[in-house]
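The values are calculated or read from the model by the stated rules, or taken from the named source; none is laboratory data. Computed from a predicted structure; not experimentally measured. For neighbour counting, all protein chains shown are included, and Cβ atoms are generated from backbone atoms with ideal geometry for every residue, glycine included.
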There are 2 protein chains.
Amino acid sequence: MQGLHLTADASGCDADAPAMREPAALRALCLCAVAQAGLTPVGELFHRFEPGAATQAGGGGITGVVLLAESHLAVHTWPELGAVTLDVYVCNFGADNSAKAEALMQALLTAWQPARVDRQSLRRGR
Amino acid sequence: MQGLHLTADASGCDADAPAMREPAALRALCLCAVAQAGLTPVGELFHRFEPGAATQAGGGGITGVVLLAESHLAVHTWPELGAVTLDVYVCNFGADNSAKAEALMQALLTAWQPARVDRQSLRRGR
């Protein structure tokens, strides 16, 4: 399956932004950006790590995903580091969704306003 | 956030395998592989596309995710193509989870037995 996978590892984000710690806020941000990009959500799941929990992600961050008809969006937040990681993956089955993927990633980066970002792009199913 | 992201785009899989079309079968496969790899699930979501649905993925396939304390596993199936895409992403926060990520990907590829696979590996948060 031919597709495009975009990643962004962002730091220097506002650690006090509601979407860093509140699943409802992150969900709203993600669904708004997905709709603006013209992609099609089919389900979503957001999990908040309890502050101080004995896990790999114990700083009160959120891990979440929006399942898309075109594939998925995944977001992980680390408020204790001011960091966010983003994944946008679209398959080009019946249509080239690359421009929509780029639009979604750009909308999320605009919302997070990171001081630094490491972006990568994978062409999948070569 | 430094981490490892593995992708596999597999084709020539058994289109009649239960995990191709049955969310419960795919969920069981994923959770078993996650447990064997020593990773920590915190939630999961699986969506089945209705056969013939007017979406990008209308062949009765499944899109699903297991949220992990270490990040996530995502799987998309296309029974009409005998194809599966896999994503394993782990952050190395407090521990290096790279070996567990590799073990999870290997377990899933062993289960799917694809005739062909395009694997890629991203070092994230450089």
Across (1) at positive phi; (2) in contact (Cβ under 8 Å) with a residue 40 or more places away in the chain, B:Arg21 clears everything bar (1)
Would you check if there is a residue in segment A:27-34 being in contact (Cβ under 8 Å) with a residue 12 or more places away in the chain and within 20 Å of B:Phe49 (Cβ to Cβ)? yes
When you check B:Leu45 against the structure, is it in contact with a Phe, Trp or Tyr (Cβ under 9 Å, 6 or more places away or on another chain) and either of a type in the set (A, V, I, L, M) or part of a strand (DSSP E or B) (or both), yes or no? no
If you take the residues in segment A:108-122 that are part of a helix (DSSP H, G or I) and in contact (Cβ under 8 Å) with a residue 12 or more places away in the chain, which one is surrounded by the fewest Cβ atoms within 10 Å (Cβ to Cβ)? A:Ala111
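Here is a yes/no grid of residues against (1) within 13 Å of another protein chain (Cβ to nearest Cβ); (2) of a type in the set (D, E, K, R); (3) in a strand (DSSP E or B):
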residue: B:Ala15; (1), (2), (3): no, no, no
residue: B:Glu50; (1), (2), (3): yes, yes, no
residue: B:Gly59; (1), (2), (3): yes, no, no
residue: B:Thr63; (1), (2), (3): yes, no, yes
residue: B:Ala74; (1), (2), (3): yes, no, yes
residue: B:Thr77; (1), (2), (3): yes, no, yes
residue: B:Ala99; (1), (2), (3): no, no, no
residue: B:Gln106; (1), (2), (3): no, no, no
Among the candidates A:Glu80, A:Glu102, which residue alone is more than 22 Å from B:Asp96 (Cβ to Cβ) and charged (D, E, K, R)? A:Glu102
Among the residues of segment B:80-96 satisfying the criterion of being more than 9 Å from every other protein chain (Cβ to nearest Cβ) and surrounded by fewer than 21 Cβ atoms within 10 Å (Cβ to Cβ), which is modelled with the lowest pLDDT? B:Glu80
